[in-house]
Amino acid sequence: MNQPPKFDEKTARRVEDVYSSVDEEDQRNFVMNALGASPGERIIDIGSGPGYVLRDIAGAVGPAGRAVGVDPSEAMIDLARKRCADLKQVALSEGDALALPADEGEFDAAVITQVYEYVADIAAALSELRRVLRPGGRAVILDTDWDSLVWSARDGERAARILKAWDSHLADPHLPRTLSARLRGAGFEVERRDVFPFLNAEYDPECYSCRMLNIIVPFVIRYGDLPKQEVKAWAGELEELGREGKYFFSLNRYLFVCRNPAEA
Ligand SMILES: C[S@@+](CC[C@H](N)C(=O)[O-])C[C@H]1O[C@@H](n2cnc3c(N)ncnc32)[C@H](O)[C@@H]1O
């Protein structure tokens, strides 16, 4: 059964730590390039989390634009508010992808990174996205397909058990493979599909995958129905592989750029 994580204060801080990694920074640059934001634009960041993307958006639209962050987690809103405190063009509010606190056609563009994979009713989320975009407005969406994961392990069966339990943190751990069709079904024009690969070829405590252990381990211990020692032993094995120069991690994120058709 799927068990979305509660983005309480502790988890929000762990996500903030992961998202400060160089891997995530490179991904944000990839997303911002795809967005191509201009000064003066009004852009919504749905599921804005700790606010790193929101800050980048605010920089791109400048003081004449608007960067609006929406997230259901109070802890995430607090982190984003602190991160963007010096930027007057930023506004933040608690809200859900299924019921955005925004008017019809209010935005030129939307960014939704690592969020729709948590949402069970994608058709409803896309219909809500169309509602808040102006005719001709665009959206940049990015999600992970966890089947693209390559992670070194000595005990492959144990790793598979743990990663199967981890899959349940998302409503759909394989969303990207069906997203083009769902976007078209919702009335969007799909303009671009692309892939952003993570590659950690060494065990570096600063890298994405090593930082992610601080989220995966407690989640699987809490919800995975596996002995705590087994989960800890898996994480210990990864560190050991690192010491031996045998560590390897790779994971793909998939990017979609789509457009709300212009009015005829
Ligand atoms: C992995 S974080 C990604 C944060 C941010 N988009 C980024 O890429 O830096 C996922 C975020 O999605 C938010 N989220 C989860 N379910 C959501 C929903 N139904 N509507 C909007 N945001 C949601 C969470 O609160 C969390 O902040």
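Among the residues of region 114-167, the ones that are assigned to a helix (DSSP H, G or I), surrounded by fewer than 23 Cβ atoms within 10 Å (Cβ to Cβ), among the hydroxyl-bearing types (S, T, Y) and in contact (Cβ under 8 Å) with a residue 60 or more places away in the chain come to 2 in all.
Among the candidates G36, G47, single out the residue that is at positive phi and free of Cβ contacts under 8 Å to residues at least 60 places away in the same chain. Can you show your working first?
On the way: G47 fails: free of Cβ contacts under 8 Å to residues at least 60 places away in the same chain.
So the residue among G36, G47 that is at positive phi and free of Cβ contacts under 8 Å to residues at least 60 places away in the same chain is G36.
One residue stands out in region 77-92 among those that are open to solvent by less than 10 Å² (accessible area, probe 1.4 Å) and in contact with a helix residue (DSSP H, G or I) (Cβ under 8 Å, 6 or more places away or on another chain): the one that is nearest to the ligand (Cβ to nearest atom), namely A80. Among the helices (runs of 4 or more DSSP H) confined to region 1-104, the ones with at least 2 residues that are modelled with pLDDT under 95 are located at 9-18. Taking region 1-16 as the range and being open to solvent by 50 Å² or more (accessible area, probe 1.4 Å), out of contact with any Leu (no Cβ under 8 Å at 6 or more places or on another chain) and either aliphatic (A, V, I, L, M) or within 22 Å of V68 (Cα to Cα) (or both) as the test, the residues that pass are M1, F7, D8, E9. Taking first residues from region 53-79 that are closer than 19 Å to L100 by Cα and partners that are open to solvent by 10 Å² or more (accessible area, probe 1.4 Å) and in a helix (DSSP H, G or I), the Cβ contacts under 6 Å between residues at least 6 apart in sequence or on separate chains come to V53/R28; A75/E9.
The values are calculated or read from the model by the stated rules, or taken from the named source; none is laboratory data. No experiment lies behind these values; they were computed from the predicted model shown. A quick note on method: Cβ atoms are made from the backbone with ideal geometry, for glycine too, and the neighbour counts reach across all protein chains shown. Keep in mind that these areas ignore ligands, DNA and RNA; they rest on the heavy atoms of the full protein, side chains included. Shrake-Rupley method; radii C 1.70, N 1.55, O 1.52, S 1.80 Å.
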